[in-house]
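Structure record follows, encoded as structure tokens.
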Amino acid sequence: MNINIGSGNRYKIGWINVDLYADQVDIRKDIREVHFDENSADTILASHVLEHFDRETAVEFTKRFARWLKPGGKLIVEMPNWARCRKLAMADDLKSKLGGLKGLLGGRQTDKELWNQWMIDHEDIILRHSLTRRSFEEILPPEWNLPGWNHIYVWEAEEYRDAAEACGLDATVHRATIHGPRHGRDFRVEGAKL
């Protein structure tokens, strides 16, 4: 059994796709309410999911995923890299800057032009606040504060790898592949259950 947690618009045929908001899913639930039997999954994919939760909750998810995996089963996690997002957000070219800011903030705002302009106008505040490693919900105006879409805690690759290992996985860091290169902004951690 293969599980695609927080599948979004990345429906995978032959997998169990779980998401609360996506149009096409197999299980429409908040991922906090989803449960599978222990030692039942061959692969679990969580692409751009864990950064939408605080650090402690993301670690609890990782422990849960490790329990669901069969021995030797694989967890694949992709998400933005905090340090790389900050570096891109300070770049001179607009595309890199917006990629970095979006990696820090997340969000699925409907008016992308206004959202991009808000991020550029508030770049200094965003970068300063990112150093606190606290949720951006504190600084977002109500119209941009979208529960479930904004990033709460953005990890560094080695930091998440270490957390995955503490959860019983043999974890390694790789370059992200699901969302494309994105200036190398995102990382991928693969962890095999020991």
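A few comments on the model shown:
- Residue in the range 111-122 that is farther than 19 Å from V49 by Cβ, at pLDDT 85 or above, open to solvent by 70 Å² or more (accessible area, probe 1.4 Å) and not in a helix (DSSP H, G or I) present: no
- Only one of G103, G99 that is open to solvent by 10 Å² or more (accessible area, probe 1.4 Å), at negative phi and part of a helix (DSSP H, G or I): G99
- L88 meets each of the listed conditions (1) open to solvent by less than 60 Å² (accessible area, probe 1.4 Å); (2) not in a helix (DSSP H, G or I) apart from (2).
Residues are listed down the side, and each one gets a yes or a no for (1) crowded, with 21+ Cβ neighbours inside 10 Å; (2) closer than 14 Å to R161 by Cα; (3) of a type in the set (K, R):
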site: L45; (1), (2), (3): yes, no, no
site: R55; (1), (2), (3): no, yes, yes
site: V59; (1), (2), (3): no, yes, no
site: G72; (1), (2), (3): no, no, no
site: L94; (1), (2), (3): no, no, no
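- When residues in the range 16-41 are screened for being surrounded by 14 or more Cβ atoms within 10 Å (Cβ to Cβ) and either on the phi > 0 side of the Ramachandran plot or over 19 Å from the mean Cα position of the chain (by Cα) (or both), 4 of them pass.
- Failed item in (1) of a type in the set (A, V, I, L, M); (2) over 17 Å from the mean Cα position of the chain (by Cα); (3) at pLDDT 95 or above, with L140 passing the rest: (3)
- The listed residues are R128, R134, and the only one of them that is open to solvent by 40 Å² or more (accessible area, probe 1.4 Å), over 30 Å from N39 (Cβ atoms) and either outside any loop (DSSP other than H, G, I, E, B) or of a type in the set (V, I, T) (or both) turns out to be R128.
- Residue within the range 154-166 that is closer than 25 Å to R10 by Cβ, at pLDDT 95 or above, touching a helix residue (DSSP H, G or I) at 6+ places or on another chain (Cβ under 8 Å) and in a strand (DSSP E or B) present: no
- Selection from the range 181-194 of residues that are charged (D, E, K, R), open to solvent by less than 70 Å² (accessible area, probe 1.4 Å) and not in a loop (DSSP other than H, G, I, E, B): D186, R188, E190, K193
- Exactly one residue out of I178, I152, I139 is among the aliphatic types (A, V, I, L, M), within 18 Å of H52 (Cβ to Cβ) and open to solvent by 50 Å² or more (accessible area, probe 1.4 Å), and it is I178.
The values are calculated or read from the model by the stated rules, or taken from the named source; none is laboratory data. Since the structure is predicted, the reported quantities are computational estimates derived from the model, not experimental observations. FYI the Cβ positions are ideal-geometry reconstructions off the backbone, even for glycines, and counts take in every protein chain you see. Ligands, DNA and RNA are excluded from the accessible area calculation, which covers all protein heavy atoms including side chains. Shrake-Rupley method; radii C 1.70, N 1.55, O 1.52, S 1.80 Å.
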